[in-house]
Each structure stands twice: as structure tokens, then as C-alpha cells.
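Trainee: One structure is given below, represented as C-alpha cells, and several questions about it will come after.
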Amino acid sequence: MELIDGNKIAAEIIAELKADVATLPGRKPCLALVRVGEDPASVSYVTKKQKTSAEIGIESRLIFPPITISQQELFALVDQLNADSGVDGILVQSPLPKHLNELAVFSRIAAHKDVDGFHTLNLGKLAQEDDTGFVACTPAGIMELLQRSGVTLSGKHVVVLGRSLIVGKPAALLAMQRKAWANATVTVCHSQTANLAALTRQADVLIAAIGKPEFVTADMVKPGAIVIDVGVNRVPDATKKSGFRLTGDVHFPSVSPLCAKITPVPGGVGPMTVAMLMKNTVKARRQNSSES
């Protein structure tokens with residue numbers, strides 16, 4: 001069993017981006033980070049994105065509207081950032097407070113600044129295999145992990161467990177693309193799938209993104225499979241100072257001995273999500289400057 005080290009691969013990408021940004025003429029790439037409210041996880045994620053931006057040479061603009069902001073006020077803020085020629089990428093940190101419509105906010109971001117890859121135009125470009133679009137950061141990171149770990153998907157059966165717009169659907173679309181590293185046969189499973197374990201056991205590559213702690217157990221995995229664990233779940237643990245531990249969607253102790261390769265949690269997919277956000281921001285800077 002080989003651990004796929006997301007921290008190491010993310011560090012490689014960040015070093016490549018830092019070198020790339022150093023060659024850009026004119027201003028630095030600029031990423032606007034919008035965080036509504038003080039959700040502890042969101043605060044942590046935005047801080048990490050700001051720190052990584054600084055390391056690469058990307059300017060980050062932090063905007064913290066109050067948790068009481070209305071839908072129209074948030075739209076107005078996004079419109080202002082859309083119109084700002086000094087901003088290349090816009091990220092509205094999720095989850096948003098319940099009174100706000102996340103999908104509507106994501107779709108309000110101009111497609112050419114949608115570095116999170118959630119805009120309908122970018123999802124459409126992904127389906128059409130148009131590389132000018134932006135791909136959601138977590139599934140893009142999964143594909144980078146696989147490629148840089150020497151895994152070619154061509155001819156393999158990829159099973160995606162989860163159908164979200166953030167991970168499951170774009171991961172499936174990426175895996176089946178007509179590209180040398182892709183060309184997989186893809187099955188998408190979810191909470192309503194019958195005979196789930198029988199399907200996941202067929203996977204050469206299993207991508208677990210169902211959002212349920214330690215849901216994937218040894219009886220669901222084929223010996224020799226490659227398992228990508230996307231889940232980040234907080235599970236109560238009295239032995240920890242924090243009172244909880246982080247675990248993935250895969251029961252690592254029982255599943256890992258079966259695998260050819262597996263990602264840990266933490267330290268697997270998570271660091272890649274931030275790295276791919278940075279990669280999208282640099283891409284946006286290049287594309288936006290070439291169009292102006």
C-alpha cells in the first residue's frame with residue numbers, strides 16, 4: 001500500500017506557480033476572498049488561502065461582510081468585484097448562511113473570474129472539454145494527485161461515490177475526458193444507489209465523496225484498488241484536546257491494507273484544493289490579460 005501524499009504534491013504545484021507568477025509582466029494576479037460571517041471552518045479555510053496566495057505572489061483581497069447581509073447586497077458586492085479590472089478571481093467561501101442562495105451567488109460571479117469553477121458556463125465548458133473554462137478545485141486536485149502519482153485512468157473503471165456539483169459530477173466528467181491521462185469508464189453512485197457495495201467493489205479507482213464519516217469499509221473495496229478519500233468529517237473523540245478528530249469518508253484502518261494507493265485524511269485531497277484554486281487564479285490572470 002502506497003500513501004498518496006497530498007501535502008507534497010500540493011507543495012510542488014505551489015513552487016511551480018510561484019516561478020510562473022514571477023515571470024508575469026505587470027501587476028500580480030489578484031484573488032478576492034469573500035467570507036460571510038465567522039464560521040470557524042470558513043475562517044480557517046480563508047486564512048489558509050490567504051497564506052498560500054502570499055507564498056506564491058498572488059495578491060489577496062479579504063472581504064468580510066456581516067452575517068446579516070441580504071441576497072441583493074451580496075449580489076451588489078459580487079457585481080462590484082466583477083467590474084473591477086484589478087481582480088482576476090473571486091471566491092465566495094461556502095457554506096453561506098441559510099438565508100442566502102449559494103447557487104445563485106456562485107452563478108452571479110463572472111464566468112471568467114469564477115476560479116471555484118461553479119458557474120454554469122464553466123460547468124458547460126467542462127462537459128464540452130473546453131480547457132478555457134475553470135474546473136472546480138477539488139476534482140481538479142484529484143486528477144492532479146492521480147497523474148503525479150503515476151496513475152493513468154485509461155481503460156480503468158472509476159467509481160465516484162457522490163454526485164455533488166462541487167466534487168462528484170465534475171470528477172466524473174474529468175475522468176471520462178478524451179485525454180491521455182483520462183479515458184476512464186465511469187460509474188457514479190449516491191445515496192439512492194441499489195447494491196452499492198457490489199458496484200464499488202468493481203472500481204479500479206474509487207473516489208469517495210459522500211460526506212459520511214468512514215462510510216466506505218473493506219467489504220466495499222476491491223483488492224489492489226486506488227482509493228481517493230475526499231471526505232473531511234469531524235468525529236467526537238474524547239482523547240483529543242479539541243474533542244474531535246478528522247476522518248475521511250473511508251474507514252482507513254480496514255481499507256488501506258487492501259489498496260495499491262490511498263489518500264490519507266488529513267493530508268490527501270485537502271491541500272490540493274487550495275493549490276488548484278491558486279492555479280485557477282494564475283490562469284485567470286493570464287486569460288484576462290490576453291483578452292484585454
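Bear in mind these aren't lab numbers, they're just calculated from the coordinates by the rules spelled out. As the structure is a computational prediction, the values presented were derived from the model and not from experiment. Virtual Cβ from ideal backbone geometry, glycine too; neighbours counted across all protein chains shown.
Trainee: Which residue, Ala218, Ala260, Ala180, has the most motion in a Gaussian network model of the chain that connects Cα atoms within less than 10 Å?
Mentor: Checking each option, the largest mean-square fluctuation is seen for Ala180.
Trainee: Pop out the ³J(HN,Hα) list for region 113-119 in order, Karplus 6.51 cos²θ - 1.76 cosθ + 1.60 with θ = phi - 60°, rounded to Hz; leave Gly and Pro as x.
Mentor: Values, residue by residue: 10, 7, 6, 7, x, 9, 5 Hz.
Trainee: Taking neighbour Cβ counts within 10 Å as the exposure measure, how do Lys279, Lys98, Lys240 sort from fewest upward?
Mentor: Details: Lys279 24, Lys98 7, Lys240 11.
Going from least to most buried by this count: Lys98, Lys240, Lys279.
Trainee: Can you give the charge dipole size of the chain about its Cα centre, rounded to the nearest 20 debye, using +1 on the beta carbon of Lys and Arg and -1 on the beta carbon of Asp and Glu?
Mentor: That gives the chain a dipole magnitude of about 240 debye.
Trainee: Which of Gly57, Gly141, Gly89 moves most in a GNM of the chain, Cα contacts under 10 Å?
Mentor: Evaluated over the chain, the most mobile residue of the options is Gly57.
Trainee: My understanding is that a pair violates if its Cα-Cα distance is over 30 Å; which of Lys18/Lys240; Lys49/Lys222; Lys51/Lys98; Lys8/Lys113 do that in this structure? Intermediate values should be presented prior to the final figure.
Mentor: Details: Lys18/Lys240 36 Å; Lys49/Lys222 36 Å; Lys51/Lys98 28 Å; Lys8/Lys113 28 Å.
Distance filter (> 30 Å) returns Lys18/Lys240; Lys49/Lys222.
Trainee: Using the basic label-point model (7 angstrom from Cα toward the beta carbon), what is the Asn183 to Val235 distance in nanometres?
Mentor: The answer from the label model is 3.9 nm.
Trainee: Counting C-alpha atoms alone, how compact is the chain: give Rg to one decimal and Dmax as a whole number, in angstrom.
Mentor: Just the Cα atoms of the chain yield Rg and Dmax of 19.1, 56 Å.
Trainee: Per DSSP H run of n ≥ 4, the term is -39500 (n - 2.57); total these for the chain, divide by its residue number, and report the mean residue ellipticity at 222 nm rounded to 500 deg cm²/dmol.
Mentor: Calculated mean residue ellipticity at 222 nm is -12000 deg cm²/dmol.
Trainee: List every DSSP H helix in the chain whose Cα atoms extend 20 Å or more along the helix's own long axis and whose mean Kyte-Doolittle hydropathy is at least 0.0. Could you put the intermediate results ahead of the total?
Mentor: Details: long enough: 6-22 (24 Å, 0.49); 40-56 (24 Å, -0.52); 269-291 (33 Å, -0.44).
Taking the DSSP H segments of the chain (at least 20 Å long, mean hydropathy at least 0.0), we get 6-22.
Trainee: Rounding to the nearest 20 debye, state how big the charge dipole of region 137-270 is about its Cα centre with +1 on each Lys and Arg Cβ and -1 on each Asp and Glu Cβ.
Mentor: Magnitude of the dipole: close to 200 debye.
Trainee: What percentages make up the Cα-Cα pair-distance distribution of region 137-270 when the bins are 10 Å wide from 0?
Mentor: 13, 47, 31, 7, 1
Trainee: In terms of the Cα gyration tensor, with a ≥ b ≥ c the square roots of its eigenvalues, is region 25-112 rounded because a/c is under 1.5, prolate because a/b exceeds b/c, or oblate?
Mentor: oblate
Trainee: List the residues, sorted by chain then number, that are 5 or more residues from Val216 or on another chain and whose placed amide H is less than 5 Å from its amide H.
Mentor: Sorted by chain and number, the residues that satisfy this are Val250, His251.
Trainee: Using 1/(1 + (r/R0)^6) with R0 = 45 angstrom and r between the beta carbons of Glu59 and Asn195, what's the FRET efficiency to the nearest 0.05?
Mentor: 0.35
Trainee: Of all DSSP beta bridges in the chain, what percent run antiparallel (nearest 5)?
Mentor: Percentage antiparallel, nearest 5: 15.
Trainee: Distance from the Cα centre of region 127-143 to that of region 95-117, in angstrom?
Mentor: 17 Å
Trainee: If each residue's Cβ is checked for other Cβ atoms within 10 Å, how do Arg234, Arg285 rank with the fewest at the top?
Mentor: Fewest-to-most ranking of Arg234, Arg285: Arg234, Arg285.
Trainee: Using the 10 angstrom Cβ neighbour count as an exposure proxy, how do Ser154, Ser242, Ser149 rank, fewest first? Write down the numbers at each step before the final one.
Mentor: Numbers: Ser154 11, Ser242 8, Ser149 17.
The order, fewest Cβ neighbours first, is Ser242, Ser154, Ser149.
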